[in-house]
């Protein structure tokens, strides 16, 4: 992926700042798991979006670096706590923190990361300080709300597509939105451009999560760093599962050929076959493309072609990702 090679210096700079954010005097059972998690391979999409959004507004990378690192620390906090709740053993091809150190320490690590994230956000320039902190706190609450809905949906036999979109808008897209919004603010963007960049982040985040849900069933396991179909054990409600339910209920002949739920299939390969055969995979990818294309159209309204180039290319690469 050429764009990631081009942005590798930025990724390395973010990674260096992440490592430096950890307190030297933390106890080893707090510090070691944090370093372990921060060293895990990752695309660093959210901090890169923050930095490129700042740059697209005419700002400098260093203007948004502290916020970018804070946003990534916040994201890592959510991942560690999500892994505990979802009982996942693998993350990015490595044991999850709770699997390696136990749930008690994993909870503490997540709590510490959110504290470190706040420290980074508090380094924002004085003219933007109150706005950045307010938006960051709002995002923390919205992400928790989205995660609560995700867990609630596991116990409900039926939810609508609108319910699902609302849930991922909070759980996933809100942090994408925050990354682009704060990047634009710190880059000196006008109110109009900050608003457009915020909408761009929201659309991109929704498309990204729908794509993630599809990849959980048809992605390449060795590239994803976790087991394909990991959402099955918890009966996660995703766009893919909701469309399958819709297909089964709409066409009575399908009820004689397929189970009424993914959880009743014998193995993941059977689910993969039916997703492709019924056209659910294609329909899901088309929806992803719709969200991402709409996001890309907003970038063109925001900034000049030369300033939007990196951001546009990054989004196009994400649209084509396999993990």
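Every number here is computed from the coordinates shown, using simple stated rules; none is lab data. A quick note: this is a predicted structure, and the numbers were derived from the prediction, not measured. Neighbour counts run over all protein chains shown; Cβ positions are idealised from the backbone, glycine included.
Numerical summary
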quantity: Per-residue Cβ neighbour rank within 10 angstrom, fewest leading, 98, 29; calculated: 29, 98
quantity: Rg ratio (alpha-carbon, reference 2.2 N^0.38 Å) - the range 64-211; calculated: 1.10
quantity: Computed [θ] at 222 nm, helices only, for the chain once each DSSP H run of length n ≥ 4 contributes -39500 (n - 2.57); calculated: -23500 deg cm²/dmol
quantity: Rg to Rh quotient for the range 1-56, alpha carbon positions, Kirkwood Rh; calculated: 1.06
quantity: Semi-axis lengths (Å, descending) of the ellipsoid that matches the C-alpha gyration tensor of the range 162-297; calculated: 34, 15, 12
quantity: Quotient of Cα Rg and 2.2 N^0.38 Å for the chain, N being how many residues it contains; calculated: 1.01
quantity: Cα long-axis angle, helix 268-277 against the chain (0 to 90 degrees, to the nearest 10); calculated: 80
quantity: Alpha-carbon centroids, the range 263-296 and the range 30-99: separation in whole Å; calculated: 27
quantity: Taking 23, 171, 155 and counting other C-beta atoms within 10 Å, the order from fewest to most; calculated: 155, 23, 171
quantity: Projected-area mean, the range 243-310, by convex hull of Cα positions, square nanometres; calculated: 6.5
quantity: Between helix 129-155 and the chain: long-axis angle, C-alpha atoms, 0 to 90°, nearest 10; calculated: 10
quantity: The range 67-125: radius of gyration over Cα atoms, expressed as a fraction of 2.2 N^0.38 Å; calculated: 1.18
quantity: Between 0 and 90°, nearest 10: helix 28-38 axis offset from the chain longest Cα axis; calculated: 70
